Amino acid sequence: MTPGIARYRNILDFTLRAMLRRRGKNLLVLTLFTLVIAVFASILLFTRSLRHEAGLVLKEAPEIVVQRMVAGRHDLISAEHVARIASLPGVRGVAPRLWGYYFDPSANATFTLVVPPDGGIGEGKARIGVGVGRSRKLFRGNTLVMRGYDGREHALEIEALIPEESELVSSDLVIVSERDFRSLFSFPSGRATDLAVTVANPREVGTVAGKIAELLPDTRTVTRDDIIATYQALFDWRSGVMGLIFASALISFALFAWDRATGLSAEERRETGILKAIGWETADILLMKFSEGAVIALISFLGGCILAWLHLHFFWGSLFGAFLKGWSTLYPYFRLAPVIDPYNLAVLFMLTVPPYIAAILIPSWRAASMDPDTVMREQ
Amino acid sequence: MIELLRVSKVFNQGRHNEYAAVREVSAVIATGRVTVIKGPSGSGKTTLLSLAGCMARPTSGRIWLREMRLPAGLGDGREVELSSLPERFLTGIRRGMFGVIFQQFNLIKGISALENVLLPAYPLGGDMAGLRRRGAGLLASLGMERQAASRVEWLSGGEAQRVAIARALINDPQVIMADEPTAHLDTALSREFMETVGRFRDEGRSVVIASHDPIVCGSPYVDSLIEMRDGDLTGQSAPTPPAP
Amino acid sequence: MNHMRPSDGLFLLLAYLLLWVVLLCCDATRRSRESEARIALERTIVRSYALTDLCLSGEARYTRHLSQADIHAPFQDHPLALEHFPSGSLIPPPPHLARRTTP
């Protein structure tokens, strides 16, 4: 070993021994710091994965959705809109979409009823997402009974469950035929929930959407890019609870640093003085304080990242689940594609590890540069 | 030898509570001898000790180290003037050439006696296994092998001082500095300490003690006395020739 | 020498944590291979049912179909109303609503 490394290891040994003396306090700090980093890392990994997966999956979403508005509210759109949009240049096809919400009192959950545009389901049949199956304890071949808007009961035979791997998009879906949909909701014929427009040239989506809005002032359009952007903006740093979590973490961190800065204990000052008096340089003391911070910060960072990964991928991000689920009883247990973003992790590292080390190091600075004879004079 | 020429140390300079702890003191501390800086409390003897031990810089005056083994790359290897040296070199000299025994022993609580002994050696980057053997050997030579693993706060005053002595010796210093070493010891332990001082002299080390304890000042091992009062040098007895 | 240095303990702990990191990286590769098939399936479902949104939270219309929310939906009755669904406070209004203010 070169003297430099031997010196560092010797000082590190002493630092660890000194830290072990205050085992309780250091363990507490380590645990709290690990948890803070685990929460941060979970959020980062979760949003990154979710955005990644949303970006891929929603590439298959309709290019333009046209919704009719009545007095500022989303309303049903009529068949004549279909013809007028279809006549626009650049439009390849217009398909009415039929979908809606059904509140199920026995499951206390809201299902999303969807009619497939290609009509690929028979009358009296239903295909359900596994979330629906779970909440109503339904399996293939069972009958799903729903109370229609006309007051009558509608019985649908469950033809299949949508594969559970796709829960992220399908958990609360009930796929039914157009006839069943219209009779269940007493849905007026000749009307649709909204329209899905396909465009001949994908680069003209924006132009076509603009033309539709011009031609039909009572409608609004949502393009596929808008949809994807919605999910890219999800869990924005500034939004609601995320901002709250970040702000509170920052504040508590600042408080902690302030506490360290002002509360360098008399005992610590005395020890620093002793070390100076027996021949430690300012640099040796700072190296010791640096190690003290680095040991806690590194272990916490690694531990926090590991915990975050376990939380997300082995416990299905159950903490976020609690938030997303909220008061709804139907919650998808989705798996997400693991995305490790080095940039995100680097940001997390820079936001946690150096500030912590600085919080340990900076208050010690003055003590470390005290005169070696201070200890002799103070006694 | 350590030579001090018209050395002063002023604390809180330029402020209302300014005071001179040491005023214009010139003295010589001979190599291989036991020198006692004698004086009542507040006489400036501790300050003079820390000036001679490279722990503080004089406000004015000069200090030379002559005819001593200096760390490589300093002066001409035989002689150096301290007040012109940057802090880094001063630290090097302090930990390489001086071992200090403090009045309160200044041991670090919560770690073992042996760990305390090894502390001054850590920044020098020595091999740990060799260091531990050396530290254990030093403790054993002071009759402390059984207490090596004990925490220092469990030791008695006499034991704690022996740990402090072993710590002062770990870097094999040429000069041992002791500040009021007998202040917390009873008569028997104080006499025992002076015998240890005699051993240091026999090993060829210089010893400088700041004390007003008659047991120290009157000890047969003492070669030379520097007397202080109110920051002024009031007398210096010439060092006796080295023992044959 | 039978005496273990504290720094050895630290290095062991760090090595242990790094081992975990390596294991989790292996887990990540395995999972991303698995997820390719799953994403393909999800894409098929989105295409064939003409879906627009992920099923993240079914609490309210605007959290179930985030991108389809109209400008009034995220502020149910008053622009300054406090969000009363937990999911809504995690989720900002879709950006295209902020951009285009016409209904």
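The number of residues in segment B:6-31 that are of a type outside the set (Lys, Arg), outside any loop (DSSP other than H, G, I, E, B) and open to solvent by 70 Å² or more (accessible area, probe 1.4 Å) comes to 2.
Can you say whether B:Leu82 is in contact with a Gly (Cβ under 6 Å, 6 or more places away or on another chain) and within 14 Å of chain A (Cβ to nearest Cβ), as far as the supplied structure shows? Spelling it out, it is not the case that B:Leu82 is in contact with a Gly (Cβ under 6 Å, 6 or more places away or on another chain) and within 14 Å of chain A (Cβ to nearest Cβ).
Against the conditions (1) touching a helix residue (DSSP H, G or I) at 6+ places or on another chain (Cβ under 8 Å); (2) surrounded by fewer than 20 Cβ atoms within 10 Å (Cβ to Cβ); (3) modelled with pLDDT of 85 or more; (4) away from chain B (no Cβ under 14 Å), A:Ala261 satisfies every one except (3).
Pairs please, first residue from segment A:145-156 and outside the structural domain of A:Tyr102 (by TED's automatic domain parsing), second anywhere and among the hydrophobic types (A, V, I, L, M, F, W, C) and open to solvent by less than 70 Å² (accessible area, probe 1.4 Å), Cβ atoms under 8 Å, 6+ apart in sequence or on different chains. Every condition considered, no pair remains.
Quick check: is even one residue across segment C:52-70 of a type in the set (S, T, N, Q), open to solvent by 10 Å² or more (accessible area, probe 1.4 Å) and under 12 Å from A:Lys59 (Cα atoms)? No, segment C:52-70 contains no residue that is of a type in the set (S, T, N, Q), open to solvent by 10 Å² or more (accessible area, probe 1.4 Å) and under 12 Å from A:Lys59 (Cα atoms). The test for being open to solvent by less than 20 Å² (accessible area, probe 1.4 Å), within 17 Å of A:Lys276 (Cα to Cα) and among the aromatic types (Phe, Trp, Tyr) does not hold for B:Phe89. Among the residues of segment A:205-219, those that are open to solvent by 20 Å² or more (accessible area, probe 1.4 Å) and within 12 Å of chain C (Cβ to nearest Cβ) comprise A:Gly206, A:Gly210, A:Ala213, A:Glu214, A:Pro217, A:Asp218.
Among the helices (runs of 4 or more DSSP H) lying completely within segment B:148-229, list those that include at least 2 residues that are in contact with a Gly (Cβ under 8 Å, 6 or more places away or on another chain).
On the way: elements: B:157-169, B:187-202, B:214-217.
So the answer is B:157-169, B:187-202.
Across segment C:60-86, which residue is farthest from A:Leu76 (Cα to Cα) among those that are at pLDDT below 75 and at the interface with chain A (Cβ under 7 Å from one of its Cβ atoms)? Per the criteria, the residue is C:Pro86. Which numbered condition in (1) modelled with pLDDT of 75 or more; (2) assigned to a helix (DSSP H, G or I) is the only one that A:Phe253 fails? Among (1) modelled with pLDDT of 75 or more; (2) assigned to a helix (DSSP H, G or I), the lone unmet condition for A:Phe253 is (1). The set of residues from segment B:173-192 being open to solvent by less than 20 Å² (accessible area, probe 1.4 Å) and farther than 22 Å from B:Thr47 by Cα comprises just one member, B:Ser190.
Looking only at segment A:183-204, which residues are within 14 Å of another protein chain (Cβ to nearest Cβ) and among the acidic types (Asp, Glu)? Break it down into steps so the answer makes sense when it comes.
From segment A:183-204, those within 14 Å of another protein chain (Cβ to nearest Cβ) are A:192-198; that's our starting set.
Matches in segment A:183-204: A:Asp194 only.
So which pairs qualify, if the first residue must be in segment A:349-378 and more than 14 Å from chain B (Cβ to nearest Cβ) and under 30 Å from A:Leu35 (Cβ atoms), the second must be among the charged types (D, E, K, R) and open to solvent by less than 20 Å² (accessible area, probe 1.4 Å), the Cβ gap must be under 6 Å, and the two must be at least 6 apart or on different chains? Here the result reads A:Ile360/A:Lys289; A:Leu361/A:Lys289; A:Ser364/A:Lys289, each pair linking segment A:349-378 to a residue that is among the charged types (D, E, K, R) and open to solvent by less than 20 Å² (accessible area, probe 1.4 Å). With respect to the conditions (1) among the β-branched types (Val, Ile, Thr); (2) within 20 Å of B:Gln174 (Cα to Cα); (3) more than 17 Å from the chain's Cα centre (by Cα), B:Val117 lacks only one, and its number is (3). Report whether or not B:Thr91 is in contact (Cβ under 8 Å) with a residue 40 or more places away in the chain and either assigned to a helix (DSSP H, G or I) or more than 8 Å from every other protein chain (Cβ to nearest Cβ) (or both). So B:Thr91 does not fit the description; no.
Of the residues A:Pro355, A:Pro363, which is within 30 Å of B:Thr47 (Cα to Cα), assigned to a helix (DSSP H, G or I) and open to solvent by less than 50 Å² (accessible area, probe 1.4 Å)?
Details: A:Pro355 fails: within 30 Å of B:Thr47 (Cα to Cα).
A:Pro363 is the lone residue from the list that is within 30 Å of B:Thr47 (Cα to Cα), assigned to a helix (DSSP H, G or I) and open to solvent by less than 50 Å² (accessible area, probe 1.4 Å).
Just one of the numbered conditions (1) open to solvent by 10 Å² or more (accessible area, probe 1.4 Å); (2) in contact with a Phe, Trp or Tyr (Cβ under 8 Å, 6 or more places away or on another chain) is not true of B:Ala148: (2). I'd like the full set of residues that are open to solvent by 30 Å² or more (accessible area, probe 1.4 Å) and either among the acidic types (Asp, Glu) or closer than 28 Å to C:Leu41 by Cα (or both), limited to segment A:326-340. The answer is A:Thr329, A:Tyr333, A:Arg335, A:Ile340.
Within segment B:200-221, if we keep just the residues that are surrounded by 21 or more Cβ atoms within 10 Å (Cβ to Cβ) and among the β-branched types (Val, Ile, Thr), the residue that is modelled with the lowest pLDDT turns out to be B:Val216.
From the list B:Arg151, B:Arg167, the one residue that fits, being more than 21 Å from the chain's Cα centre (by Cα), within 23 Å of B:Leu185 (Cα to Cα), within 14 Å of chain A (Cβ to nearest Cβ) and charged (D, E, K, R), is B:Arg151. Quick check: is even one residue across segment C:1-18 more than 23 Å from A:Pro338 (Cα to Cα), modelled with pLDDT under 90, of a type in the set (A, V, I, L, M, F, W, C) and assigned to a loop (DSSP other than H, G, I, E, B)? Yes, there is a match, as at least one residue in segment C:1-18 is more than 23 Å from A:Pro338 (Cα to Cα), modelled with pLDDT under 90, of a type in the set (A, V, I, L, M, F, W, C) and assigned to a loop (DSSP other than H, G, I, E, B).
Based on this model, can you work out whether A:Trp316 counts as assigned by TED's automatic domain parsing to the domain that holds A:Ala249, at positive phi and open to solvent by 70 Å² or more (accessible area, probe 1.4 Å)? Write out each step before concluding.
Working: assigned by TED's automatic domain parsing to the domain that holds A:Ala249: yes; at positive phi: yes; open to solvent by 70 Å² or more (accessible area, probe 1.4 Å): yes.
It is true that A:Trp316 is assigned by TED's automatic domain parsing to the domain that holds A:Ala249, at positive phi and open to solvent by 70 Å² or more (accessible area, probe 1.4 Å).
Right, A:Leu50: closer than 21 Å to A:Ile227 by Cα and either hydrophobic (A, V, I, L, M, F, W, C) or without any contact (Cβ under 8 Å) to a residue 12 or more places away in the chain (or both) or not? In short, yes.
The values are calculated or read from the model by the stated rules, or taken from the named source; none is laboratory data. These figures come from a predicted structure and were not determined experimentally. Cβ sites come from the backbone with ideal geometry, for glycine too, and all protein chains shown count toward neighbours. Keep in mind that these areas ignore ligands, DNA and RNA; they rest on the heavy atoms of the full protein, side chains included. Shrake-Rupley method; radii C 1.70, N 1.55, O 1.52, S 1.80 Å.
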